[in-house]
Amino acid sequence: MASLEQPIEENDTTSVVAQVDTVIETMESQNLSIEEVEIDFLGKFKKILFTLWKNVVGIKTHNEENVTQNYRGDRVERVRLYHVWPGNNVFFLKGLLICGPDPRGLLLTIVSISLSSWVFAVYVARDISKHSSIKVSFCVLLTLIVLANLIMVSVIDPGIIPRNNESPATESTGNGRIRSKRVAINEVEMKLKYCRICNIHRPPRSCHCVICDNCVEKFDHHCPWIGQCIGLRNYRLYVLLLVMATVYFVYIFAFSCKKIQHKNSGNGMGFIGLVKDCPETLALTCFSFAAAFFVGGLTAYHVYLIATNQTANENFRQLYGSNRNAFDKGVVNNIKEILLSPWTPSKINFRSEIYRFDHLEHVTEP
């Protein structure tokens, strides 16, 4: 059934009466049944009376978080945008922090880093005779820096592109697919693909994340260990996280090896003796080596991507294998653009308010 909803402006009584006439004319122009007309007119008339009552009595509703009214099984609501965002993200602090849908990878990473630091402080540093307190303090400092950086990457909007809630007014092919657009960037022709979920032509270097269900600007990848997309707005923090995590695990690995060497030189015990005498140190050494190797290799890979001005998504798909990279400006300029350029503000205010009534939405700033 066609919706008869129109925004109600809080004007004087004359404007309210005029809106009643408009509703009646709209009902007459739409060939609706008597029952449909009665249901829609009653619901609309209730809203008009409520608006008139506010004008006469002076009810203040600008501080209300939610206003709900039953109408034909639907509700009139005033909610924050993050409450009804169609993506799979999880929000905290009333939409101020945005996370991915699966926090298990992030929790596993936090526990691994914290547990490594605890084992180092309790079992490794105590056997280091010289300046053990300084070494423990530096390890704790590295741990706090890595954890803070990790949380910042996981709760920042990675560059989510606003959706188009209206029907696309673009040309379609014979099979109903929306035609792609072509643009020229630095004399290189690029295709702007159409996203049928977000109803937009994605900007260059953007991609739709199937896990978060969002189109992300300058999409790099979805990191399972952070549980968040890596895109335009959190990429430099992600690179900083890789660098600091590499330093952290190399630091732990170096002093763990030093303790194992001290045990071997003092007692001459073999591998079996190390397992019996200091299994925690041996396990920490193996884990820190694997982590340093993995994170260090990932850091080197992203240094290459920064130098060539590519994203991991573009490099994996070999988009510039035979074509010139339109975004490559040289090593120095690439580093300046990616790491030293001004911070890009978010394109979506998830704390903005949405007024919903029978699938009708109106957005205002808080």
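The values are calculated or read from the model by the stated rules, or taken from the named source; none is laboratory data. Please read all numbers here as calculations on a predicted model, not as lab measurements. As a convention, Cβ positions derive from the backbone with ideal geometry for all residues, glycine included, and neighbour counts pool all protein chains shown.
Got at least one residue in the range 320-330 being touching a strand residue (DSSP E or B) at 6+ places or on another chain (Cβ under 7 Å), at pLDDT 90 or above and of a type outside the set (D, E, K, R)? No, there is no match, as no residue in the range 320-330 is touching a strand residue (DSSP E or B) at 6+ places or on another chain (Cβ under 7 Å), at pLDDT 90 or above and of a type outside the set (D, E, K, R). Restricting attention to the range 197-204, does a residue exist that is buried (at least 18 other Cβ atoms within 10 Å of the Cβ), without any contact (Cβ under 8 Å) to a residue 40 or more places away in the chain and in a loop (DSSP other than H, G, I, E, B)? Within the range 197-204, one or more residues are buried (at least 18 other Cβ atoms within 10 Å of the Cβ), without any contact (Cβ under 8 Å) to a residue 40 or more places away in the chain and in a loop (DSSP other than H, G, I, E, B).
Name the single residue that is nearest to Arg317 (Cα to Cα) among those in the range 205-240 being at pLDDT 95 or above and of a type in the set (Ser, Thr, Tyr). The residue in question is Tyr235. Residue check: Ser129 meets all listed conditions (1) modelled with pLDDT of 75 or more; (2) among the small types (Gly, Ala, Ser); (3) over 28 Å from Pro204 (Cβ atoms) but one, namely (1). Residue pairs whose Cβ atoms lie under 6 Å apart, sitting 6 or more positions apart in sequence or on different chains, and linking a residue in the range 229-258 that is surrounded by 23 or more Cβ atoms within 10 Å (Cβ to Cβ) to a partner that is in a helix (DSSP H, G or I) and aromatic (Phe, Trp, Tyr), are Ile230/Tyr238; Ile252/Phe120. Just one of (1) under 30 Å from Val136 (Cβ atoms); (2) modelled with pLDDT under 95 fails for Lys336. It is (1). Taking first residues from the range 157-172 that are on the phi < 0 side of the Ramachandran plot and partners that are outside any loop (DSSP other than H, G, I, E, B) and modelled with pLDDT under 65, the Cβ contacts under 8 Å between residues at least 6 apart in sequence or on separate chains come to Asn165/Glu361. Screening Tyr304 against (1) farther than 25 Å from Cys99 by Cα; (2) at pLDDT below 90; (3) not in a loop (DSSP other than H, G, I, E, B) leaves a single unmet condition, (2).
Which residue pairs have Cβ atoms closer than 9 Å, lie 6 or more positions apart in sequence or on different chains, and pair a first residue in the range 211-222 that is over 16 Å from Arg163 (Cβ atoms) with a second residue that is hydroxyl-bearing (Ser, Thr, Tyr) and in a strand (DSSP E or B)? Final answer for the pair search is none.
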